[in-house]
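J.: One structure follows; several queries about it will come next.
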Amino acid sequence: AQKITQTQPGMFVQEKEAVTLDCTYDTSDPSYGLFWYKQPSSGEMIFLIYQGSYDQQNATEGRYSLNFQKARKSANLVISASQLGDSAMYFCAMRGGGTSYGKLTFGQGTILTVHP
Amino acid sequence: GAVVSQHPSWVICKSGTSVKIECRSLDFQATTMFWYRQFPKQSLMLMATSNEGSKATYEQGVEKDKFLINHASLTLSTLTVTSAHPEDSSFYICSASDHEQYFGPGTRLTVT
């Protein structure tokens, strides 16, 4: 079984500062993918970044980077230079292999609030 | 990028009635579609996986007779909530996959 854990129900950050959102995972699949999504109050799921389990380097997408520590089973999202528009709920998700291929398992989510 | 639409974006229905939610992949063919349910400030919970032309696979605890899923074509899947009750009020999100997974904008269902 796959499990994703986000232990921060809410996070606050000052505008222009960096923030790290934590995510740990558990799986027995040797091949898996890790995702981060942003969900603003409108409800749409916005894909931010992806890390494959065999990727040697940490993924980066603009102001988003994924701090992937495979041995610790963690995949933290780092947002640099926070903006007011970054205020939203953030979900970490995992896609496993085998019979679970394609299914996404989501963490509990972290509500990020960016203060001016 | 790939676009997935959902219709309606919100719906209010009376208890005991049924409501149908459509999920369409607009610019690609989706071999698989997923249906999720989300309560306020909670995570997305996978309800079922549907493949075109075959019966949906429901997650444990999801009533297949209550949440009817049809995946009639490679671009359309529907979720019908039958005999809806207030506890079915939720945000329903679909995603469509050709290899990657693309999310629809969601449907907010309120049962009065």
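J.: With +1 on each Lys and Arg Cβ and -1 on each Asp and Glu Cβ, and nothing else charged, work out how big the dipole of the protein assembly as shown is about its Cα centre, in Debye to the nearest 20.
T.: That gives the protein assembly as shown a dipole magnitude of about 280 debye.
J.: Per-residue Cβ counts within 10 Å, from other chains only, averaged over B:28-41: what number is that?
T.: The shielding value for this peptide is 2.
J.: Would you calculate the separation in nanometres between label points at A:GLN57 and B:THR82, each defined as 7 Å from the Cα along the Cα-to-beta-carbon direction?
T.: 5.3
J.: Please list 3J(HN,Hα) in residue order for region B:34-42, calculated via the Karplus relation 6.51 cos²θ - 1.76 cosθ + 1.60 where θ = phi - 60°; whole Hz, with x for glycine and proline.
T.: Those phi angles translate into 10, 10, 10, 10, 9, 8, x, 6, 10 Hz.
J.: Determine the alpha carbon to alpha carbon distance for each of A:LYS103/B:LYS55; A:LYS16/A:LYS73; A:LYS3/A:LYS70 and list only those over 24 Å.
T.: Beyond 24 Å between Cα atoms: A:LYS16/A:LYS73.
J.: Please report the net charge: other residues with Cβ closer than 13 Å to the Cβ of B:SER18, K and R +1, D and E -1.
T.: Net local charge, B:SER18 excluded: +1.
J.: Where in region A:19-57 are there chymotrypsin sites (Phe, Trp or Tyr not before Pro) that are in a DSSP coil and have at most 10 other Cβ atoms within 10 angstrom of their Cβ?
T.: Of the chymotrypsin sites (Phe, Trp or Tyr not before Pro), the ones in loops of region A:19-57 whose Cβ has at most 10 other Cβ atoms within 10 Å are A:TYR54.
Every number in this text was worked out from the coordinates using simple rules, so none of it is lab data. Note that the coordinates shown come from a computational prediction; the quantities given were computed from them, not determined experimentally. All Cβ positions, glycine included, derive from the backbone under ideal geometry; neighbour counts span all protein chains shown.
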